[in-house]
Structure formats: C-alpha cells, structure tokens
1. What do you reckon, is Arg28 among the basic types (Lys, Arg) and under 13 Å from the mean Cα position of the chain (by Cα)?
2. Restrict the check to the stretch 20-30 and report whether at least one residue is in contact with a strand residue (DSSP E or B) (Cβ under 7 Å, 6 or more places away or on another chain) and surrounded by 13 or more Cβ atoms within 10 Å (Cβ to Cβ).
3. Please return the ranges of helices (runs of 4 or more DSSP H) entirely within the stretch 1-84 where 2 or more residues are over 20 Å from Tyr100 (Cα atoms) and of a type in the set (A, V, I, L, M).
4. Just to be sure I understand the filter: pairs with C-beta atoms under 8 Å, separated by 6 or more residues or on different chains, first member in the stretch 79-94 and under 14 Å from Ile25 (Cα atoms), second member among the β-branched types (Val, Ile, Thr) and surrounded by fewer than 16 Cβ atoms within 10 Å (Cβ to Cβ). Which pairs pass?
5. Residues that are among the small types (Gly, Ala, Ser), surrounded by fewer than 13 Cβ atoms within 10 Å (Cβ to Cβ) and under 15 Å from the mean Cα position of the chain (by Cα): does the stretch 69-77 have at least one?
Amino acid sequence: MTPTPAEREKLAAQAKLTDKQLADIDKRLERMDVSSKQGPWTRKTLQLIAEQPGVVSTVLARQMQRERYEFKGLVRKLKDIGLTYALDVGYCLSPRGRAYLKSKA
C-alpha cells in the first residue's frame with residue numbers, strides 16, 4: 001500500500017529510529033532486494049544518494065547500471081518508506097534515511 005504524502009513526510013522526518021524501526025526498515029529493504037531480478041540494490045542506492053545528493057538521475061542510474069526510468073522507480077520505493085526526498089534535480093536522503101545509514105556504519 002502506497003502511503004499518502006502526509007504519511008511519507010511524517011516517516012521521512014524521523015531523525016531518531018528505534019531498534020524496532022531499524023529492523024522494520026531492514027525487512028522492507030530485504031524484501032525489495034530479494035524480489036529484484038537484478039539483485040540487491042537498496043543499500044547501494046541509499047549510499048549513492050548519500051554520497052551524491054542533487055546529482056541528476058541519469059548519472060546515478062548509469063552508476064547503478066540501470067535505465068533512468070527504472071532507477072527513478074526504485075528510488076520512489078525508497079521514498080515511499082521515508083528514506084529519500086526527490087529534489088528539483090536528483091535526490092537526497094531524508095532524516096530517516098540518514099539515521100538508517102548511520103545505524104549501519
């Protein structure tokens with residue numbers, strides 16, 4: 001089920017995550033990775049966006065060896081669980097996305 005914009009925004013704003021929230025994110029990302037015909041992509045995509053905020057999707061897609069519109073669809077899945085924001089050009093991690101990656105460092 002796709003969250004409403006308000007629900008997405010509320011999730012994205014979470015800068016502190018509980019162990020349960022981290023485990024829930026891990027499970028969601030694992031399901032996305034397992035269901036991908038091209039293999040795991042979620043954590044690599046989050047790291048790429050963290051390292052290159054505001055970089056145009058065409059460049060990021062090329063780095064992930066994906067077609068641009070496919071890549072944009074994948075990032076949309078991360079946005080739906082509150083981990084990324086779409087910018088006028090490119091993407092950035094939300095506070096929730098930064099907290100998640102920080103927990104994995």
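Any read-out appearing in this document is the output of simple, stated calculations on the displayed coordinates, not a laboratory observation. Given the structure is predicted, the values throughout are model-derived calculations rather than measurements. Quick reminder, even Gly has a Cβ in these numbers, built from the backbone with ideal geometry, and neighbours come from all protein chains shown.
1. yes
2. No: the stretch 20-30 contains no residue that is in contact with a strand residue (DSSP E or B) (Cβ under 7 Å, 6 or more places away or on another chain) and surrounded by 13 or more Cβ atoms within 10 Å (Cβ to Cβ).
3. Those helices (runs of 4 or more DSSP H) span 57-63.
4. Asp80/Thr2
5. yes
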